[in-house]
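Structure, as structure tokens:
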Amino acid sequence: MTEAILAPVASLGRAVLLALAAIGRIAIFAAQVLGHLLRPPFYAREFGLALLQIGWFSLPVVGMTAVFTGGALALQIYAGGARFSAESVVPSIVAIGMTRELGPVLGGLMVAARVASSIAAEIGTMKVTEQIDALTTLSTNPLKYLVVPRVLAATLAVPVLVAAGDSIGIMGGWLVGITRLDFNSATYLKNTADFLEAWDVGSGLVKGAVFGFIIALMGCYHGMHSGRGAQGVGAATKSAVVAASVLILAANYLLTELFFST
Amino acid sequence: MISIEGLHKAFGSNAVLRGVNLAVGRGESIVIIGGSGTGKSVLLKCILGLVRPDRGRITVDGAPATVPASDAMLAHFGMLFQGGALFDSLPVWQNVAFRLLRGSLKRPKDEARAIAIEKLRRVGLGATVADLFPAELSGGMQKRVGLARAIAADPQIIFIDEPTAGLDPIMAGVINELIREIVVEMGATAMTITHDMSSVRAIADSVAMLHDGVIRWSGPIAELDMTPDPYVQQFIHGRAEGPIAAIR
């Protein structure tokens, strides 16, 4: 009888302990990465390549996401605003919504899907094929050579992608506004500029930097801890995307509380 | 040159090494034989500082091995991995010259490339291979590039993990001869792990058999066929019957 009552509690306890252990391992990994960020050697070529892969090549997917989101947002706000004759708020709400929330979050999630998976698969394959061991035997620290350039590149590139996504998303809203909702182009743009504050944009960029750090950290962590064989690499890739996505949403809530709660 | 005393390593409940004792002299080419999963690779990785032993002592030239190994110690080592472990994103010459392009052994790029091409030539590959990527090479060529990388910085100790795995018999013979030539020519200490008896006979000065986590037998290659040890006899003749359990 007692065992039947305690069994679910024990299962819950085990799950909590496993979760805490995983959080601890990731925290130690993050601390190691931050420690290596400040100490030479620095691998400029690897950093440049990572910047290109994570930043430049993610621009199309972030841009496409932003333009459709901005357009849909304009339609929704117009339809909702019409219920209490507030259609004129479309430009300002689109701009604030894109810069504070949708730009960084959707951009972060799209980059997580594209980049965290690719980093985890690449590093996981390197681990399975002993390339990580080979790096060590060649007197090269894998954390410094593989992880630090990617984390640094993502932390710097994602805010730039968010800024581009914000602009493209606002443009998407403007395009829908003037073609479908009968807004005057100049008035739409003036409204956008008048109501948008610097911190609306700045807070989104800070979020972007945090999301970039999370994306690369999760990709690298799961890649470096990948299991054996194709199945191990597949599982690492899946875990990297899931963990990065959930952490982005959780971090977004915490940062929003921090920045905007009164 | 390399001394291993009472080395233990377990992964969970699986005790892979249970007190390995082994001494390898300077310039000696020792081949470690043993079945799959007997811990040969783990032994190499313990010496290289890639795996932390649970107990025991490893010294290289009298200096204790650490985990991770120091740069100064790793500078003495070259390693040929079983699958080559070439870096896919780098062309062949940068793989070979990896150590010469960064760290304490860094050279000017042109000099590093010249050394890489010379090492490629030494393993029988032309300069035309230098700018190819590893994915463009056959398995045998990848082994040669891996060997060129292992010897690029003229190491005093070379570790070789399953040099003929995945190669046809003719290419396996070529690689075995090449390893033997290079080890003799460089005067390096070599430690090879394999279960391919043709590699053992081509490469070894001495042989050690790892079984059940300990060195079951060791001695000069000339004594390998004469030893009455039933484990060694079963292994070298590839018999299914004998003291080593075979899962069927």
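Taking 23 Å as the cut-off for C-alpha to C-alpha distance, list the pairs among A:K127/A:K238; B:K9/B:K106; A:K127/B:K45 that go past it. Each step should come with its number before you reach the end.
Details: A:K127/A:K238 16 Å; B:K9/B:K106 35 Å; A:K127/B:K45 14 Å.
From A:K127/A:K238; B:K9/B:K106; A:K127/B:K45, over 23 Å: B:K9/B:K106.
Sort A:75-88, A:139-152, A:194-207 by packing, meaning the average of other beta carbons within 10 Å per residue, with the highest value first. Display every interim value, and only then the final one.
Numbers: A:75-88: 13.6, A:139-152: 22.4, A:194-207: 17.0.
Listed from highest to lowest mean packing, they are A:139-152, A:194-207, A:75-88.
Can you tell me the relative contact order of chain A? Whole percent, Cα pairs under 8 Å, sequence separation 6 or more. So the answer I get is 29 percent. For the protein assembly as shown, DSSP calls about 55 percent of its internal beta bridges antiparallel.
With an 8 Å cut-off on Cα pairs and a minimum separation of 6 or more residues, tell me the relative contact order of the range B:82-154 in percent.
RCO, the range B:82-154: 44 percent.
Taking amide H atoms as placed 1.01 Å from N in the peptide plane, the amide H of B:A65 lies under 5 Å from those of B:I58, B:T59, B:V60, each 5 or more residues away in sequence or on another chain. Run down the aspartates and glutamates and flag those whose C-alpha is under 12 Å from the C-alpha of A:K144, throwing out any fewer than 8 positions away in its chain. Partners found: A:E46.
How much accessible area per residue does chain A have, counting only protein heavy atoms and a probe of 1.4 Å, in square angstrom?
Working: 12910 Å² over 262 residues.
Result: 49 Å² of accessible area for each residue.
Using the Kyte-Doolittle scale, which helices in chain A average at least -0.5 and also have C-alpha atoms spread 24 Å or more along the helix axis, with helices defined as whole DSSP H runs? Please report the intermediate quantities before stating the final value.
Values: long enough: A:2-37 (52 Å, 1.51); A:59-81 (32 Å, 1.33); A:148-180 (47 Å, 1.33); A:198-224 (39 Å, 1.13); A:229-260 (46 Å, 1.26).
Helices meeting the span and hydropathy rule in chain A are A:2-37, A:59-81, A:148-180, A:198-224, A:229-260.
Principal axis extents of the C-alpha atoms in the range B:73-114 (largest first, rounded to whole Å): 30, 27, 15.
What shape does the range B:61-179 take by its C-alpha gyration tensor, where a ≥ b ≥ c are the square roots of the eigenvalues and a/c under 1.5 counts as rounded, a/b above b/c as prolate, and the rest as oblate?
Values: a/c = 1.92, a/b = 1.21, b/c = 1.58.
It comes out oblate by the Cα gyration axes.
Taking 14 Å as the cut-off, the amide N atoms of the range B:67-99 that come nearer than this to a point 7 Å along the Cα-to-beta-carbon line of A:R39 belong to B:68-71. When you count the other C-beta atoms within 10 angstrom of each residue and take the mean per peptide, B:205-215, B:161-171 line up highest first as B:205-215, B:161-171. Element breakdown for chain A at a 1.4 angstrom probe: carbon and sulfur atoms account for 72% of the accessible area.
In square angstrom and rounded to 100, what buried accessible area do you get between chains A and B, total over both, with the probe at 1.4 Å? Mind showing how you got there, number by number?
Values: alone 13720 and 11410 Å², together 23550 Å².
Buried area between the two chains comes out at roughly 1600 Å².
Projected label points at B:F133 and A:N184, each 7 Å from Cα along the beta carbon direction, are separated by 5.6 nanometres.
Only helices enter this figure: runs of n ≥ 4 DSSP H residues, each worth -39500 (n - 2.57), summed and divided by the residues of chain A, yield -27000 deg cm²/dmol at 222 nm to the nearest 500. In loop segments of the range A:212-262 as defined by DSSP, there are no chymotrypsin sites (Phe, Trp or Tyr not before Pro) with at most 14 further C-beta atoms inside 10 Å of their C-beta. Averaged over the residues of A:120-131, the number of partner chain Cβ atoms lying within 10 Å of the residue Cβ comes to 3.
Put simply, when B:71-78, A:91-98 are sorted by average Cβ atoms within 10 angstrom per residue, most first, you get A:91-98, B:71-78. Counting only other chain Cβ atoms within 10 Å of each residue's Cβ, the peptide B:74-86 averages 4. Taking 17 Å as the straight-line reach from the Cα of B:K143, the lysines in range (excluding those fewer than 8 positions away in the same chain) are B:K119. Under the rule a/c < 1.5 gives rounded, and otherwise a/b versus b/c splits prolate from oblate, where does the protein assembly as shown land using the Cα gyration tensor? Prolate.
Based on DSSP H segments of at least four residues, each scored -39500 (n - 2.57), chain B has a per-residue ellipticity at 222 nm of -9000 deg cm²/dmol.
Once the 1.4 Å probe is applied to the protein heavy atoms, the range B:1-55 comes out at 40 Å² accessible per residue.
Rounded, prolate or oblate for the range A:43-260? Axes are the square roots of the Cα gyration tensor eigenvalues, ordered a ≥ b ≥ c, and the cut-off for rounded is a/c under 1.5. Please list the in-between numbers first.
Values: a/c = 2.84, a/b = 2.58, b/c = 1.10.
The shape class here is prolate.
Ligands, DNA and RNA left out, the accessible area of the range B:106-235 computed with a 1.4 Å probe is 55% carbon and sulfur. Close amide-amide hydrogen proximity is noted between B:I32 and B:T192, B:I193, B:T194, B:A208, each under 5 Å apart and 5 or more residues distant or on a separate chain (H modeled in the peptide plane; Pro and chain starts excluded). Note on chain B: antiparallel DSSP beta bridges, both residues inside, total approximately 55 percent of the bridges counted. For the segment A:138-149, counting C-beta atoms of other chains within 10 Å of every residue's C-beta and taking the mean gives 4. Over what distance in Å are the Cα centres of the range A:53-113 and the range B:201-225 separated? Each part reduced to its Cα centre gives a spacing of 69 Å.
The values are calculated or read from the model by the stated rules, or taken from the named source; none is laboratory data. Quantities reported herein were computed from a predicted structural model and do not represent experimental measurements. Using ideal geometry, Cβ is built from the backbone for each residue, glycine included, and neighbour counts are taken over all protein chains shown. To get the accessible areas, we keep the full protein, side chains included, count just its heavy atoms, and leave off ligands, DNA and RNA. Shrake-Rupley method; radii C 1.70, N 1.55, O 1.52, S 1.80 Å.
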